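Can you read through this structure? Questions will come right after.
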Amino acid sequence: MLALRLTAWKSDPELVEVPEPHPGPGQVVVRIEGAGACHSDLHLMHEFEPGLLPWEPPFTLGHESAGRVHELGAGVRGLEVGQAVAVYGAWGCGTCANCRVGMDSYCENPAGAPVMAGGGGLGLDGGMAPYLLVPAARHLVPLPDGLDPVHAAPLTDAGLTPYHAIRRSWPKLVPGSTAVVIGVGGLGHLAVQILKATTDAQIVAVDTRHDARQLALECGADHVVEPGPGALEEIRRRTGGRGVDAAFDFVGTDTTMALGAGAARMVGDLTVVGIAGGTLPVSFFTIPYEVSIQTTYWGSRPELVEVLDLGARGLLRPKISQVGLDGAADAYRRLANGELEGRMVVVP
Ligand code: NAD
Ligand code: ZN
Ligand code: ZN
């Protein structure tokens with residue numbers, strides 16, 4: 001079968017012929033119907049220095065995937081061939097305290113996982129191919145009625161990651177509160193929808209691109225702001241001068257983190273999801289009292305069940321464009337150039 005593979009660091013992915021996978025005991029092969037193109041893949045392909053990550057190319061890209069069960073390994077119960085499933089993408093050891101509660105993204109025994117701190121498309125072969133080998137049946141979540149695999153695919157990361165980040169700020173996002181979303185791409189446009197569906201906060205969205213700001217309004221943002229001089233004042237003005245109760249940064253540069261911290265209200269949250277690698281100086285005098293600053297990585301399997309439920313009920317609708325495997329490398333170029341709206345989903 002043809003697969004879109006990263007063959008070396010600092011290179012574009014290539015379509016390469018690879019053998020079709022077959023499941024060993026406890027494993028499952030999924031026939032892929034959708035695999036989302038995440039900006040993290042661009043960081044991975046072009047920015048990370050060799051040695052930064054505990055694994056290396058070659059491997060097939062695609063860490064947000066959904067499809068249908070194709071072949072069950074010996075001993076797998078509770079799944080049927082042909083059943084529609086989403087793939088939980090962080091593949092941990094399965095036995096540490098975090099994996100036991102479904103939080104493989106924070107596996108504390110990565111040496112016991114199929115790949116150290118990774119998963120399909122992140123060190124192991126991912127979903128940008130007709131078939132994906134999933135190393136343990138527990139990573140498959142059956143799709144609820146009303147949700148097709150093409151729309152479910154982006155929910156497994158572009159939906160799950162902001163959901164996890166927003167969920168931990170829920171107690172602060174009461175009526176009268178404000179949340180700001182910085183970066184309205186694949187993750188950010190779903191963050192706006194998640195805020196709308198699960199909180200009472202006023203939503204302010206920030207993006208450099210006009211089209212992305214328009215998308216934020218379509219997704220339920222109350223106000224949009226263009227970054228640059230005056231942006232911080234405009235955000236604060238929308239909060240009556242108090243500042244925002246939670247800022248979610250889906251870019252992660254020095255500039256966006258400074259904007260998030262500058263916009264924060266006392267006792268607010270700043271959650272950095274974007275992995276552009278920026279830094280934020282923190283001192284007693286530079287951030288408001290009791291602001292909590294955190295990074296988050298992906299989300300848990302129980303949270304994926306919740307995200308898929310929101311998707312099935314139409315409360316979370318990823319804006320997607322579809323492309324075949326032969327158009328996937330070009331789709332990544334368009335993502336890098338900021339030419340995509342929402343999420344690009346590769347349909348092998
Ligand atoms: P994307 O390219 O689809 O969206 C990024 C958006 O940010 C674009 O709309 C872009 O116009 C906007 N943007 C860029 N610079 C900006 C600035 N200075 N101010 C405001 N907006 C700006 O990317 P994505 O797939 O949504 O991913 C977003 C980030 O999140 C990436 O860094 C990605 O690697 C990271 N990510 C992190 C996790 C995690 O678990 N922490 C998971 C998935 C993705
Ligand atoms: Zn991702
Ligand atoms: Zn673990």
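Cβ-Cβ below 7 Å, separation at least six or inter-chain, first residue in the stretch 121-140 and free of Cβ contacts under 8 Å to residues at least 24 places away in the same chain, second in a strand (DSSP E or B) and buried (at least 24 other Cβ atoms within 10 Å of the Cβ): which pairs?
Note: no pairs meet the criteria.
Which of the residues belonging to the stretch 96-105 are more than 16 Å from ligand 2 (Cβ to nearest atom) and not polar (S, T, N, Q)?
Across the stretch 96-105, the qualifying residues are C96, A97, C99, R100, V101, G102, M103.
Something else now. Test A197 against the criterion of being within 21 Å of L143 (Cα to Cα), of a type outside the set (S, T, Y) and away from ligand 3 (no atom under 16 Å from the Cβ), and give yes or no. Don't jump to the end; show me each part of the working.
Numbers: within 21 Å of L143 (Cα to Cα): yes; of a type outside the set (S, T, Y): yes; away from ligand 3 (no atom under 16 Å from the Cβ): yes.
Criteria met by A197.
Also, I was wondering about something else. Can you tell me which residue is nearest to ligand 1 (Cβ to nearest atom) among those in the stretch 165-187 that are open to solvent by 30 Å² or more (accessible area, probe 1.4 Å) and outside any helix (DSSP H, G or I)?
For the stretch 165-187, the residue satisfying everything is R168.
Has the stretch 81-95 got at least one residue that is in contact with a Phe, Trp or Tyr (Cβ under 8 Å, 6 or more places away or on another chain), within 16 Å of ligand 2 (Cβ to nearest atom) and not basic (K, R)?
yes
Just wondering, is there one or more residues in the stretch 137-157 that are assigned to a strand (DSSP E or B) and of a type in the set (S, T, N, Q)?
Here is the first cut: in the stretch 137-157, the residues assigned to a strand (DSSP E or B) are 140-142.
Among the residues that remain, those that are also of a type in the set (S, T, N, Q) are: none.
There is no residue in the stretch 137-157 that is assigned to a strand (DSSP E or B) and of a type in the set (S, T, N, Q).
Out of the residues in the stretch 268-285 that are open to solvent by less than 80 Å² (accessible area, probe 1.4 Å) and hydroxyl-bearing (S, T, Y), state the one that is farthest from ligand 3 (Cβ to nearest atom).
S283
Could you please let me know if P154 is touching a residue at least 60 places away in the same chain (Cβ under 8 Å), open to solvent by less than 10 Å² (accessible area, probe 1.4 Å), farther than 30 Å from L72 by Cβ and in contact with a Leu (Cβ under 9 Å, 6 or more places away or on another chain)?
No, not satisfied.
Given L310, L315, which one is more than 14 Å from the chain's Cα centre (by Cα), modelled with pLDDT of 95 or more and either among the polar types (S, T, N, Q) or surrounded by fewer than 18 Cβ atoms within 10 Å (Cβ to Cβ) (or both)?
From the options L310, L315, the qualifying one is L315.
Can you work out which of the residues in the stretch 194-218 that are open to solvent by less than 20 Å² (accessible area, probe 1.4 Å) and touching a residue at least 60 places away in the same chain (Cβ under 8 Å) is nearest to W298 (Cα to Cα)?
Out of the qualifying residues, it is I194.
Which one of P57, P50 is over 17 Å from H139 (Cβ atoms), away from ligand 2 (no atom under 16 Å from the Cβ) and open to solvent by 70 Å² or more (accessible area, probe 1.4 Å)?
Numbers: P57 fails: open to solvent by 70 Å² or more (accessible area, probe 1.4 Å).
None of the others qualify; the one that does is P50.
The values are calculated or read from the model by the stated rules, or taken from the named source; none is laboratory data. Note that the structure is a prediction, hence the values are computed from the model and not measured. Positions of Cβ are backbone-derived with ideal geometry, glycine not excepted, and every protein chain shown enters the neighbour counts. Ligands, DNA and RNA are stripped out before the accessible areas are found, and what is left, the full protein with its side chains, is counted by its heavy atoms. Shrake-Rupley method; radii C 1.70, N 1.55, O 1.52, S 1.80 Å.
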